[in-house]
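*Asks:* Could you have a look at this structure, given as structure tokens, before my questions?
Nothing in this text is a laboratory measurement; each read-out follows from the coordinates by a stated rule. Remember, predicted model here, so these are calculated numbers, not experimental data. Because the Cβ atoms are built from the backbone with ideal geometry, glycine has one as well, and the counts that use them run over all protein chains shown.
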Amino acid sequence: MEASEKVQCLIIGSGPAGYTAAIYASRAGLNPVLYQGIQPGGQLTITTEVENYPGYPDGIQGPEMMVHFEKQAARMGADIRYGLATKVDFTGPVHKVQIDEEKWIEADTVIISTGASAKWLGLESEQRLNGFGVSACAVCDGFFFKGKEVAIVGAGDTAAEEALYLSKICSRVHMIVRRDEMRASKVMQERVKNTANIKIYWNSETDEVLGDKKVHAVRIRNKKTGETEEVPVSAFFVAIGHQPNSDIFKGWLDMDEAGYLKTIPGTSKTNVEGVFASGDVQDKVYRQAVTAAGSGCMAALDAERYLSAKGVH
Ligand code: NDP
């Protein structure tokens with residue numbers, strides 16, 4: 001493989017972690033190159049109001065906030081590019097990352113901030129009707145089903161939050177919960193239970209999403225009785241958690257059974273020298289914009305110190 005470019009610091013991913021790493025690495029003179037990945041701006045671009053990011057007393061829309069992050073990184077001098085990391089080779093002291101299945105870049109340090117993506121149930125109908133009533137983001141797509149009946153599957157904080165969001169736009173929300181209790185925090189559970197137009201189906205699973213060209217119903221199976229029920233809905237939202245975007249690092253970096261990259265506690269260091277991880281790809285606990293940004297900062301500082309210690313920078 002022939003590398004066509006050599007950089008000091010390569011950042012993969014453009015959520016709060018990646019852009020913060022880019023801001024710090026630029027200011028430290030590492031001339032970072034950042035590849036944005038499939039979804040520039042990351043998961044915050046598919047949310048609406050962000051009220052808990054410090055510094056925005058009136059809240060801010062997620063996509064707008066990510067534009068701010070990007071602008072700040074660019075102003076500091078980061079080289080921000082479209083492109084997806086498709087392969088890595090961490091055998092040598094200089095690391096190699098392939099972009100868009102063609103170009104290879106050599107980097108003294110790599111900061112991985114590839115984030116996480118929504119999980120799907122795995123039903124054929126769910127895949128076929130994706131974008132035609134099936135969605136993994138209520139806040140992005142709920143608007144299209146204003147005044148209609150919709151279904152949502154999941155019972156964590158995300159599902160609870162999205163069910164509440166939908167209850168304000170849609171006439172009725174059918175919430176499918178696979179156990180007899182929810183995983184969501186108590187306060188969120190109470191809010192869901194006390195919302196008149198949310199109907200909860202306990203001990204239930206999605207048998208099939210029904211529709212030819214677009215969703216018109218969902219078949220729900222009660223796991224205790226085995227009975228199925230067809231509920232007419234215009235949309236089906238999936239909110240069953242996320243998985244880290246770490247596939248290309250399999251075999252190179254240590255990860256847990258769910259695929260989250262392992263870092264040395266208190267640092268952003270992976271098991272490969274000069275390769276650092278930040279944001280949701282290595283965090284299944286906090287997963288907040290502000291914690292991701294903080295860990296992006298850590299990764300840039302770790303990268304700078306690594307290069308200084310090697311005498312490269
Ligand atoms: P979680 O992993 O917490 O919850 C996933 C939910 O989906 C669980 O209820 C799980 O059921 C259910 N589920 C998983 N697979 C299936 C399946 N195949 N069929 C049906 N149901 C399924 O993910 P979240 O995205 O909700 O939350 C992730 C993290 O982010 C959590 O730590 C959460 O607290 C946090 N968060 C915090 C928010 C806030 O504070 N405002 C908002 C959103 C998220 P089961 O319980 O049976 O395993």
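*Asks:* Please give the number of the condition Q127 fails out of (1) surrounded by 24 or more Cβ atoms within 10 Å (Cβ to Cβ); (2) assigned to a helix (DSSP H, G or I); (3) not small (G, A, S).
*Replies:* It is condition (1) that Q127 fails.
*Asks:* Can you name the strands (runs of 3 or more DSSP E) wholly within segment 233-298 that have at least 1 residues being buried (at least 20 other Cβ atoms within 10 Å of the Cβ) and within 16 Å of the ligand (Cβ to nearest atom)?
*Replies:* Result: 235-238, 242-244.
*Asks:* Let me ask another. Out of K119, K146, K87, report the one residue that is under 21 Å from the mean Cα position of the chain (by Cα), away from the ligand (no atom under 16 Å from the Cβ) and among the basic types (K, R).
*Replies:* K87
*Asks:* Sticking with this one: Conditions: (1) under 27 Å from the mean Cα position of the chain (by Cα); (2) surrounded by fewer than 21 Cβ atoms within 10 Å (Cβ to Cβ); (3) within 14 Å of the ligand (Cβ to nearest atom). K168 meets all but one. Number of the miss?
*Replies:* Of (1) under 27 Å from the mean Cα position of the chain (by Cα); (2) surrounded by fewer than 21 Cβ atoms within 10 Å (Cβ to Cβ); (3) within 14 Å of the ligand (Cβ to nearest atom), only one is false for K168: (3).
*Asks:* Still on this structure, please answer the following. List the residue pairs whose Cβ atoms are under 7 Å apart, where the first residue sits in segment 25-52 and is more than 22 Å from Y286 (Cβ to Cβ), the second is among the polar types (S, T, N, Q), and the two are 6 or more positions apart or on different chains.
*Replies:* L30/Q8; N31/Q8; P32/S26; L34/S14; Q36/S14; P40/S14
*Asks:* Next question, about the same structure. Which residues, taken from segment 211-226, are surrounded by 18 or more Cβ atoms within 10 Å (Cβ to Cβ) and over 20 Å from G156 (Cα atoms)?
*Replies:* Within segment 211-226, G211, V215, A217, V218 qualify.
Conditions (1) over 24 Å from N222 (Cβ atoms); (2) within 16 Å of the ligand (Cβ to nearest atom); (3) over 21 Å from the mean Cα position of the chain (by Cα), marked per residue:
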| residue | (1), (2), (3) |
| --- | --- |
| R128 | yes, no, yes |
| G131 | yes, no, no |
| A155 | no, yes, no |
| A159 | no, yes, no |
| R172 | no, no, yes |
| E181 | no, yes, yes |
| K186 | yes, yes, yes |
| K193 | no, yes, yes |
